[in-house]
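Beneath this line is the structure, given in C-alpha cells, with notes to follow.
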Amino acid sequence: MNCIFCDILDGKRDGHFLYEDDSHVSFLDKYPIDVGHSLIIPRKHHETITDMTPKDVGSIFSLAPKIAKAILIATGADAFSLGQNNGKAAKQIVPHVHIHIIPRYNDKGTVWTKRQISNDAELSELAKKIRSALT
Ligand SMILES: [Zn+2]
C-alpha cells in the first residue's frame with residue numbers, strides 16, 4: 001500500500017520527529033498551517049478512527065496535551081487547536097489516522113487553507129527545540 005505516513009515510519013521518507021513510543025509517533029507537518037504544526041499518528045495503519053479500537057483512539061488522543069505543551073514552549077505560541085479529519089470530504093489528505101496540533105499566535109490570523117512549505121533546516125531546528133521541551 002502506498003501511504004506517505006507508513007513510508008515515514010519505515011524510514012523511506014524523512015520526518016522531523018518529536019516523539020515516539022511503541023504505538024505512536026509525532027512529527028512536524030511538512031506543509032504547516034503555522035510554525036510548529038505537528039501530527040501524531042499511530043504506528044499501525046488505520047484509515048480513520050472508526051477503524052481503531054476505542055482504547056487505541058483514547059491512547060493517541062491522550063498524547064496530545066504532552067506534545068502540545070512542548071510545542072507551545074518551543075514556539076512561543078499562545079494557544080493551539082487540535083484537528084482530526086476522517087475521510088476525503090472532511091479534507092483528510094493522507095489516509096492514515098493523524099491528529100493535527102496547530103499552534104495559534106495572538107498576532108497572526110491563521111487561515112486553515114493557507115499552508116506553506118517550510119524549509120528543511122528550519123523544521124529540523126524546530127523539531128530539536130520541541131524534543132528538548134518534552135518532559
Ligand atoms: Zn499508513
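Readers should treat all values here as calculations from the given coordinates under stated rules, not as data from a laboratory. Note that the structure is predicted; figures quoted are calculated from it, not measured. Cβ: placed from backbone, ideal geometry, glycine included. Neighbour counts: every protein chain shown.
What nm distance separates the two modelled labels at Ser59 and Asp22, each placed 7 Å from Cα along Cα→Cβ?
That separation, rounded to one decimal, is 0.7 nm.
Lys and Arg at +1, Asp and Glu at -1: add these up for the other residues within a Cβ distance under 12 Å of Asn85 and post the number. Intermediate values should be presented prior to the final figure.
Details: positive: Lys88, Lys91; negative: Glu47.
Net charge in that neighbourhood comes out at +1.
Mind listing which trypsin sites (Lys or Arg not before Pro) in the range 17-117 are in a DSSP loop and have 12 or fewer other Cβ atoms within 10 Å? Please list the in-between numbers first.
Numbers: sites: Lys30, Arg43, Lys44, Lys55, Lys66, Lys69, Lys88, Lys91, Arg104, Lys108, Lys114, Arg115; in loops: Lys30, Arg43, Lys44, Lys91, Lys108, Lys114, Arg115.
Here the sparse-neighbourhood loop sites are Lys91, Lys108, Lys114.
What is the local net charge at His24, summed over the other residues whose Cβ is closer than 10 Å to its Cβ (Lys, Arg +1; Asp, Glu -1)? Mind dumping the intermediate values first?
Numbers: positive: Arg43, Lys44; negative: Glu20, Asp21, Asp22, Asp56.
Here the charged neighbours net out to -2.
If you take the charge dipole of the range 4-133 about its Cα centre, with +1 on Lys and Arg Cβ and -1 on Asp and Glu Cβ, which of Gln84, Leu18, Leu63 is farthest toward its positive end?
Ranked along the dipole, the leading option is Gln84.
Under 11 Å from the Cβ of Arg43, count the other residues' Cβ atoms, weight Lys and Arg +1, Asp and Glu -1, and hand me the total. Each step should come with its number before you reach the end.
Working: positive: Lys44; negative: Asp10, Glu20, Asp21, Asp22, Asp56.
Residues close to Arg43 contribute a combined charge of -4.
Taking a ≥ b ≥ c as the square roots of the Cα gyration tensor eigenvalues, with a/c under 1.5 meaning rounded and otherwise prolate when a/b beats b/c, else oblate, which class fits the chain?
Values: a/c = 1.40, a/b = 1.34, b/c = 1.05.
Rounded shape, in that the Cα axes give a/c under 1.5.
Please report, in debye to the nearest 20, how large the charge dipole of the chain is about its Cα centre when each Lys and Arg carries +1 at its beta carbon and each Asp and Glu carries -1 there. All intermediate terms of the calculation are to be shown ahead of the outcome.
Numbers: 17 positive and 16 negative charges, 48 e Å.
Dipole about the Cα centre, nearest 20: 220 debye.
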